[in-house]
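Written below as C-alpha cells is the structure these notes are about.
The values are calculated or read from the model by the stated rules, or taken from the named source; none is laboratory data. In this text the structure is predicted, and so the values were computed from the model without any measurement. Here Cβ is always computed from backbone atoms with ideal geometry, including for glycine, and neighbour counts include all displayed protein chains. Areas reflect the complete protein model, heavy atoms only, side chains present, ligands, DNA and RNA absent. Shrake-Rupley method; radii C 1.70, N 1.55, O 1.52, S 1.80 Å.
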Amino acid sequence: MFLALWQLRLFHWIFSLESYQLPVPSAIAASIQENANMLFRYAVYSGAEMLGGFLLGSLLGALAAAGASFFPTSGRAAVTVLSALNAVPIVALAPIMNNWFGDGIWSRIAVVTVITMAAMAVSLFKGLTSIQPQYSDLLSGLAASRMQFFGS
C-alpha cells in the first residue's frame with residue numbers, strides 16, 4: 001500500500017515534492033535496470049573491500065586476543081586500548097587511512113580491518129579469559145601447560 005501511494009505521487013502532493021527529489025518506485029526500478037552492469041561492478045568492488053577487511057580484521061583481532069590472554073594483566077590494558085578504536089568515528093578514521101594507504105581499495109579495507117579487529121579482539125579476549133573456576137582448578141591440578149590451558 002505504501003509503494004502504491006508513493007507510485008501515485010501522494011507523498012509528492014502532501015509534501016510538495018518534485019520528481020527529482022523523490023522519484024517514484026517505477027522510475028527507480030527502471031534506473032536500476034538501466035545501470036545494472038555498473039551497479040554489479042560496484043557491488044563486487046564494495047564486497048571485496050568488506051570481505052578483505054573482515055578477514056584481515058578477524059585474523060588480527062584473534063591474534064591480539066590470543067596474545068593478550070597469555071598475559072591477562074597487561075593484556076586487559078591492551079584490549080582496552082584496542083576497544084577504544086571502536087569509539088573513533090569512521091568519518092575521522094577514513095581520512096587517516098587515505099593518507100596512509102592512498103585513495104584506493106586498501107584504505108577502505110584498512111578502515112573495515114580496524115573496526116573489525118577491535119570488536120573481535122574484545123569479544124575473543126573476554127571469551128578466552130572467562131574460564132569457569134572449576135575447569136581452571138582441574139587443569140591446574142592436572143599440571144596442564146599454558147598451551148594446554150589455552151586450548152581448553
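With the condition kept exactly as written, say whether any residue in region 128-144 is aromatic (Phe, Trp, Tyr) and touching a helix residue (DSSP H, G or I) at 6+ places or on another chain (Cβ under 8 Å). Let's see the steps before the verdict.
Just the residues of region 128-144 that are aromatic (Phe, Trp, Tyr), to begin with: 135.
Within this subset, residues satisfying the condition of being touching a helix residue (DSSP H, G or I) at 6+ places or on another chain (Cβ under 8 Å) are none.
No, the conditions are met nowhere in region 128-144.
Listed here are the residues, each with its yes/no results for (1) touching a Gly at 6+ places or on another chain (Cβ under 9 Å); (2) among the hydrophobic types (A, V, I, L, M, F, W, C).
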| residue | (1), (2) |
| --- | --- |
| 29 | no, yes |
| 43 | no, yes |
| 47 | no, no |
| 57 | no, no |
| 66 | no, yes |
| 75 | yes, no |
| 78 | yes, yes |
| 81 | no, yes |
| 96 | no, yes |
So residue 10 ticks every box in (1) surrounded by fewer than 12 Cβ atoms within 10 Å (Cβ to Cβ); (2) farther than 30 Å from residue 145 by Cα but one. Which box is left unticked? (1)
Residues being in contact (Cβ under 8 Å) with a residue 40 or more places away in the chain and of a type outside the set (A, V, I, L, M, F, W, C) - total across region 28-67: 7
So is residue 119 under 30 Å from residue 145 (Cα atoms), of a type in the set (A, V, I, L, M, F, W, C), modelled with pLDDT of 90 or more and open to solvent by less than 40 Å² (accessible area, probe 1.4 Å) or not? no
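Condition check ((1) assigned to a helix (DSSP H, G or I); (2) surrounded by fewer than 13 Cβ atoms within 10 Å (Cβ to Cβ); (3) among the charged types (D, E, K, R)) across all residues:
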site	(1), (2), (3)
14	yes, yes, no
22	no, no, no
32	yes, yes, no
38	yes, yes, no
61	yes, no, no
75	yes, no, no
84	yes, yes, no
Evaluate region 40-55: report whether one residue or more is open to solvent by less than 100 Å² (accessible area, probe 1.4 Å), out of contact with any Phe, Trp or Tyr (no Cβ under 6 Å at 6 or more places or on another chain), farther than 30 Å from residue 103 by Cβ and part of a helix (DSSP H, G or I). no
